[in-house]
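Participant: My structure is below; once you've seen it, I'll send some questions.
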Amino acid sequence: MEIPFGHVENNTLFRSAFGQVAALQLKEVKEGELEAAVAYFTARFDKLKLKLEEIEEKINSQSNKGSFLSSLQNIEDSIPKHDGLGDYQTLLDRIGPLKSLLEDYVQKNRAKNTEIKQALLLELDAILANNDQEEAFEQIKDLKSRWLKTGSADQSVRAELEEKFKSGVDGFFEKRNAFTEDKKMLVKARLDEYQGIIAEIKSFIEKKDYQSSVDRVKELQKQWKDVGRIPENEFKTVNDTYWKVTQDYFDKQKKRRSSERKLKVKDEKQSLKAKQEILNELKSLVQNAFGSEVKAFDALKTKWKNSGHVSKKAHPEVHESFMQLSREWQERQFVWNLTHKKNKGFAKKDEKSQLKDLTRVIRDLLHRDETELKSFNENMGNMHINKGSFVDMLNDKLKTQKEKVALKKNLLKECQDKIKQL
């Protein structure tokens with residue numbers, strides 16, 4: 001029987017030698033067994049050949065070619081001792097170019113991997129400089145994932161790169177563990193501070209100390225906001241207790257104040273009558289305010305303060321009249337003192353001369369106020385803000401400036417009329 005790629009010698013089937021590979025003894029065969037043995041060992045070769053063809057097809061179709069290099073090497077290494085019958089030299093001839101292709105691919109890939117891992121090490125340095133431990137932890141997890149997905153670096157620097165990465169990551173977790181312990185201690189200290197605030201407010205309630213403790217409780221409220229963050233579940237529990245205790249404190253304080261107010265507040269009608277009398281006194285003082293004594297005005301302010309409660313909501317005109325008369329008195333005093341400074345011997349002059357001096361000073365002040373009012377109006381016209389506290393502040397300032405102008409005009413007219421009467 002003709003045996004391709006094999007021969008029989010002394011009743012033993014051999015795979016024939018090829019290239020540098022010596023012949024290989026396959027099996028002792030008896031009469032009538034040769035055909036079956038040849039078929040078996042031919043199938044063994046075909047199976048190895050098919051395996052090589054499958055690997056070759058994957059190399060040509062898949063992008064991750066380098067992963068098949070070891071499979072090719074295994075087939076090549078198995079051929080000298082592979083118990084089969086077939087053209088093994090053809091297999092070796094096909095493996096050679098494929099190995100060269102993959103080795104070149106792996107070399108280029110490892111050079112690329114080396115660059116990527118060097119860039120990842122630079123990224124690691126930046127993460128290690130981040131003081132936000134939680135943010136850095138998430139970045140480290142992402143970086144580790146990308147590092148593991150990146151293939152092997154060049155053999156000459158592989159160990160060095162791996163050691164640098166491992167050292168940096170290990171150092172981070174050591175620092176993080178220490179930070180976690182410090183954070184636990186900080187959370188405990190903050191929780192103790194929260195509980196201390198609650199305990200102090202509770203002590204005021206227990207002692208029914210609602211008068212002298214008000215300022216302290218307000219300080220504790222500010223302190224509560226500045227204690228710092230703790231885990232949400234722990235904060236919710238302590239915060240609910242804090243609000244309950246604080247609400248209890250202020251509810252009871254409100255009841256106490258209401259009770260005291262009923263005892264201390266004078267009859268509304270009596271207080272209103274007293275304030276109207278003070279307004280009449282103040283009107284009289286204002287009409288003669290040029291050069292009047294400051295003590296007289298201060299006495300009326302004290303008298304107003306002690307005259308009892310009158311609701312601003314129910315009688316806004318009373319409070320507004322007092323404020324307006326007070327401003328007018330102060331304005332008259334200012335004009336008088338300024339005229340006294342600007343005119344030598346003013347105090348010794350007769351009334352008409354003093355009124356003329358006052359007229360000149362008032363006219364100058366009026367000119368200044370009108371100029372400021374005009375400028376203010378122009379500036380407001382150029383602004384494009386139509387709501388908010390800033391606009392309210394500007395409107396209040398505008399109102400004040402208009403009142404100053406109106407008051408100066410009235411004072412000027414008053415002095416001019418008096419001059420005509422003398």
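What follows is calculated from the coordinates using simple rules that are stated; it is not laboratory data. Here the structure is a predicted model, which means the values were calculated and not measured. As a convention, Cβ positions derive from the backbone with ideal geometry for all residues, glycine included, and neighbour counts pool all protein chains shown.
Participant: Helix 69-78 versus the longest principal axis of the chain: what angle, 0 to 90°, nearest 10, using Cα atoms?
Facilitator: 20
Participant: Which of these values of Rg and Dmax of the Cα atoms in Å was calculated from the structure shown: (1) 23.9, 87; (2) 50.9, 163; (3) 20.7, 64?
Facilitator: The value matching this structure is (2).
Participant: Which whole-Hz couplings ³J(HN,Hα) result when phi for each residue of region 141-146 is put into the Karplus expression 6.51 cos²θ - 1.76 cosθ + 1.60, θ = phi - 60°, listed in order with x for Gly and Pro?
Facilitator: Per-residue couplings from phi come out as 4, 5, 5, 4, 4, 5 Hz.
Participant: What does the charge count near residue 10 come to, summing +1 for each Lys or Arg and -1 for each Asp or Glu among other residues with Cβ under 14 Å from its Cβ?
Facilitator: -1
Participant: Determine the dipole magnitude for region 174-281: charges of +1 sit on the beta-carbon of Lys and Arg, -1 on that of Asp and Glu, nothing else is charged, the reference point is the Cα centre, and the result goes in debye to the nearest 20.
Facilitator: The dipole of region 174-281 has a size of about 420 debye.
Participant: Further, regarding this structure: Please list, in chain and number order, the residues 5+ apart from residue 27 or on another chain whose amide H is under 5 Å from its amide H, with Hs placed from the backbone.
Facilitator: Amide H neighbours of residue 27, under 5 Å, 5+ apart: 13.
Participant: Let me ask something additional. How tilted is helix 155-206 with respect to the longest principal axis of the chain? Cα atoms for both, answer in degrees (0 to 90, nearest 10).
Facilitator: Approximately 30 degrees, to the nearest ten.
Participant: Could you give me D for region 183-264, from Stokes-Einstein at 37 °C and 0.692 mPa s, where the hydrodynamic radius is the Kirkwood radius over C-alpha pairs? Units µm² s⁻¹, please.
Facilitator: 239
Participant: Where nothing but the Cβ of Lys and Arg (+1) and of Asp and Glu (-1) is charged, how large is the charge dipole of the chain around its Cα centre, in debye to the nearest 20?
Facilitator: Charge dipole of the chain: 5680 debye, to the nearest 20.
Participant: With a Förster radius of 35 Å, plug the Cβ-Cβ distance of residue 10 and residue 73 into 1/(1 + (r/R0)^6) and report the FRET value to the nearest 0.05.
Facilitator: 0.50
Participant: Could you order peptides 332-338, 63-69, 127-133 by the average number of other Cβ atoms within 10 Å of their residues, highest first?
Facilitator: Highest mean packing first, the order is 332-338, 63-69, 127-133.
Participant: Another question, then. So for region 6-111, if I pair up every lysine 8 or more residues apart or on another chain, how many of those pairs have alpha-carbons under 24 Å apart?
Facilitator: 22
Participant: Then there's this: Using only DSSP helix segments of four residues or longer, with each worth -39500 (n - 2.57), what per-residue ellipticity at 222 nm results for the chain after dividing by its residue count and rounding to 500?
Facilitator: When only DSSP H runs of four or more count, the value is -27000 deg cm²/dmol.
Participant: Output the 0 to 90 degree angle, nearest 10, between the alpha-carbon long axis of helix 268-287 and the longest principal axis computed from the alpha carbons of the chain.
Facilitator: 70
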